[in-house]
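Student: Structure below; questions to follow.
Bear in mind that the values in this text are calculations on the coordinates, not laboratory data. Because the structure is a prediction, the values reported are computed rather than measured. As a convention, Cβ positions derive from the backbone with ideal geometry for all residues, glycine included, and neighbour counts pool all protein chains shown.
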Amino acid sequence: MLRETAKAEKRRGLQRLIYNRDLCKGCYLCLNLCPSQVIVKSKERNRHDAYPIAFEESSDRTCTGCGICSMICPDYAIRIAG
Ligand code: SF4
Ligand code: SF4
């Protein structure tokens, strides 16, 4: 299911992924590096007129909470909270 919300949260153990789509400039660094391939391009623009990312999980592709997307994002659009 494609998530287009401004704030996506995924609980994986003790970690929580928090995403602000309005901070995303659509560079897709995270999309290209996500080992689980759960990051996709959104079809709707954000307030900066960019196509931000969204998260799409399925039965065989789920976010593991590895934190790579959070570490690589130059705009701090994704962060891992405990
Ligand atoms: S790395 Fe950050 S700015 Fe780039 S697409 Fe991902 S969330 Fe958006
Ligand atoms: S935490 Fe890891 S698995 Fe989850 S979306 Fe980010 S890069 Fe992908």
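Student: What does the net charge come to around Leu29 if you take all other residues with beta carbon closer than 13 Å to its beta carbon, with K and R at +1 and D and E at -1? Please list the in-between numbers first.
Tutor: On the way: positive: Lys25, Lys41; negative: Asp75.
Neighbour charge sum, excluding Leu29 itself: +1.
Student: Sort Ile53, Ile39 so the one with the fewest other Cβ atoms within 10 Å of its own Cβ comes first. If you can, show how the numbers build up before the last one.
Tutor: Working: Ile53 28, Ile39 21.
The order, fewest Cβ neighbours first, is Ile39, Ile53.
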